[in-house]
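Down below is the structure, laid out as structure tokens.
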Amino acid sequence: MGRTVVTTSIPYVNGTPHIGHALELVQADVLARHRRQRGDEVWAQTGTDDNALKNVRSAEAEGIPVADYVARMADRFVALGEGLDLSFDDFVRTSTDSRHRPVVERLWRACERSGDLYRKSYTGLYCVGCESFVEGDCPEHEEKPELVSEDNWFFRLSRYQDRLVELIGTDVVEIVPATRKREVLAFIAGGLGDFSVSRSVSRARGWGIPVPGDPGQVIYVWFDALVNYLTGAGDRWHDSERVHVIGKGIIRFHAVYWPAMLLSAGLELPSRVLVHEYLTANGRKIGKSLGNTADPLGVATQFGSDALRWWLLSDVARTGDTDYSDDRLETRLNEDLANNLGNLVNRTVAMVRKYRDGVVPVVQQRNPAAENLRAARREAAGAIDTALRAFDFRRAVEAVLRIGDEANRFVQVTKPWQLNRNSAELDAVLAELVAACRDIAEHLTPFLPAAARRIAEQCGGAVVPAPSPVFPRSVRPRP
Ligand SMILES: [Zn+2]
């Protein structure tokens with residue numbers, strides 16, 4: 001039995017949650033549930049980055065205290081837990097979690113002891129969206145970077161260049177997919193400059209964690225936010241596989257800055273950094289400024305958390321951005337869930353009721369037509385393990401769909417309604433189908449926990465109840 005820590009990045013809270021947040025939360029949740037199902041001791045955590053400068057600005061724009069503002073906004077991210085059927089063990093709020101500040105201070109002191117922190121004055125273009133210095137315009141944010149000039153603490157990132165190349169190149173810190181690993185290695189090869197890890201209290205409006213021993217400075221928000229992983233994981237950090245799920249826009253912070261900070265402090269490095277692409281919504285970039293968020297709670301309320309989770313897992317590409325629309329979600333809901341898996345469960349339960357008074361027959365005869373179905377069932381667990389190891393959710397859920405496809409084909413080939421009612425052959429066909437439904441429930445558990453429970457309730461026992469649709473078809477009126 002292994003131990004695993006799974007994290008999401010912690011979003012800053014100056015906007016409401018959008019469908020891109022839902023993607024990362026569901027991905028991390030699936031990885032956590034899958035490892036739990038395989039017997040690992042899992043710690044899954046998410047949270048909010050409360051101390052970001054942009055939170056301060058948004059609070060100022062509303063004219064309310066920053067603490068009130070971030071509390072209100074963080075609640076909306078907490079609410080996703082129930083709405084998306086998430087199973088996180090911990091939610092770290094960096095401004096109010098009493099565990100967090102001492103951990104940040106300890107890491108700071110450890111890097112200081114290693115001689116990796118020093119003060120210098122600096123002038124550069126700063127993107128508030130990234131909370132980072134940038135060269136020219138920021139590719140991620142539309143807002144113009146601002147010219148910032150101040151005397152700050154710096155971290156000696158340059159010192160870690162060779163070690164980072166070695167650790168990432170040899171997958172000690174494994175970056176998935178491989179295209180992102182190459183991107184990080186190319187970035188490091190371009191040369192690593194030291195980066196600023198504090199800012200003046202006045203620029204931070206007094207918000208954030210003060211630099212230990214230098215109260216005029218506040219710890220740079222990334223140095224603070226990244227540490228949330230240690231805050232939540234605690235001692236588990238040291239003896240677990242440490243898995244970060246992040247978006248492509250913050251890969252540099254997670255695959256370069258963060259390992260360097262941990263190396264400096266003498267702490268264990270992330271084992272795996274899993275990088276997802278972005279979502280657009282209805283053909284447009286998701287952004288607060290554009291008012292285009294595809295509110296995940298709204299989608300989950302309209303279509304169900306299963307349908308939203310399924311779309312995020314089955315239709316989002318591993319490379320390149322994917323566009324969300326209600327139509328796309330509805331297509332996957334109807335084709336994969338209602339027509340394939342749901343229909344299989346429904347017809348199986350209905351036939352066991354009709355032909356065997358609801359009593360699930362015990363297999364007495366092996367049907368040669370079941371070979372493909374049995375292969376799909378046999379191979380599903382391994383296929384799911386391999387796909388999730390490769391951070392490929394589409395391939396993972398395909399293994400479940402394949403059981404549904406083969407089982408539905410088995411029904412068409414064997415035509416149970418034409419078999420002799422009292423035959424052992426009909427017993428065998430029905431038993432085969434119930435076994436397939438039970439396997440689907442089991443394999444679906446990490447992906448769609450609620451639907452998996454509904455299938456198990458109908459097919460898990462010795463007697464089946466009256467059938468009820470596991471996935472009602474969506475029949476949304478078209479404009
Ligand atoms: Zn930016």
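For the reader, a short list of remarks on this structure follows.
- Relative contact order of segment 65-142, taken over Cα pairs closer than 8 Å and 6 or more residues apart, is 13 percent.
- Between the C-alpha center of segment 215-260 and that of segment 433-475 there is a gap of 39 Å.
- Those Cys residues of the chain for which no other cysteine Cβ falls under 4.7 Å: CYS111
- Cα gyration tensor shape of segment 231-377, rounded if a/c is under 1.5, else prolate or oblate by comparing a/b with b/c: oblate
- Nearest-ten-degree value, helix 393-414 long axis tilted from longest Cα axis of the chain: 10
- When each of the peptides 242-249, 104-111 is scored by the mean number of other C-beta atoms lying within 10 Å of its residues, the order from highest to lowest reads 242-249, 104-111.
- Potential extension, PHE187-THR96 segment - 0.36 nm per residue separation minus Cα distance: 29.3 nm
- Sequentially through segment 420-437, phi angles give Karplus couplings (6.51, -1.76, 1.60; θ = phi - 60°) of 4, 3, 9, 7, 5, 5, 5, 3, 5, 5, 5, 5, 4, 5, 5, 4, 5, 4 Hz, Gly and Pro residues having no value and appearing as x.
- Cα shape, segment 303-404, gyration tensor, a/c 1.5 rule: oblate
- Sorting TRP207, TRP310 from the fewest to the most surrounding beta carbons within 10 angstrom yields TRP207, TRP310.
- 3J(HN,Hα) along segment 21-30: 4, 4, 4, 5, 5, 5, 4, 5, 4, 5 Hz, from the Karplus curve 6.51 cos²θ - 1.76 cosθ + 1.60 with θ = phi - 60°, whole Hz, x for Gly and Pro.
- Percentage relative contact order, segment 362-479, counting C-alpha pairs under 8 Å, at least six apart: 26
- The alpha-carbon of LYS248 sits under 19 angstrom from the alpha-carbons of these lysines, leaving out residues fewer than 8 places away in its chain: LYS181, LYS285, LYS288.
- When restricted to Cα atoms, segment 404-479 yields an Rg and a Dmax of 14.7, 51 Å, respectively.
- Antiparallel DSSP beta bridges within the chain, as percent of all bridges there, nearest 5: 50
- Computed Rg/Rh of segment 202-293, alpha carbon atoms with Kirkwood Rh: 1.06
- Under 5 Å between amide hydrogens, built in the peptide plane, is the criterion, and for ASP40 it picks out GLY2 among residues at least 5 positions away or on other chains.
- Sequence ranges 113-122, 160-169, ranked by mean other-Cβ count within 10 angstrom, highest first: 160-169, 113-122
- Euclidean distance of C-alpha centroids, segment 29-59 and segment 365-385, integer Å: 35
- When you restrict to C-alpha pairs under 8 Å that are six or more residues apart and normalise by the size of the chain, the relative contact order lands at 16 percent.
- Calculated on alpha-carbon atoms, Rg and Dmax of segment 295-335 in Å: 9.7, 29
- Share, in percent, of DSSP beta bridges within segment 197-317 that are antiparallel, nearest 5: 60
- With respect to the chain, whose longest principal axis is taken over its alpha-carbon atoms, helix 305-314 is tilted by about 80°.
- Estimated Rh, segment 6-129: Kirkwood, alpha-carbon pairs, angstrom: 16.6
- Under Stokes-Einstein, with the Kirkwood radius over Cα pairs as Rh, the value for the chain at 4 °C and 1.567 mPa s is 53 µm²/s.
- Segment 152-203 and segment 290-339 have Cα centres separated by 34 Å.
- Cα gyration tensor category, rounded, prolate or oblate, for segment 149-240 with a/c compared to 1.5: oblate
Bear in mind that the values in this text are calculations on the coordinates, not laboratory data. Please read all numbers here as calculations on a predicted model, not as lab measurements. Because the Cβ atoms are built from the backbone with ideal geometry, glycine has one as well, and the counts that use them run over all protein chains shown.
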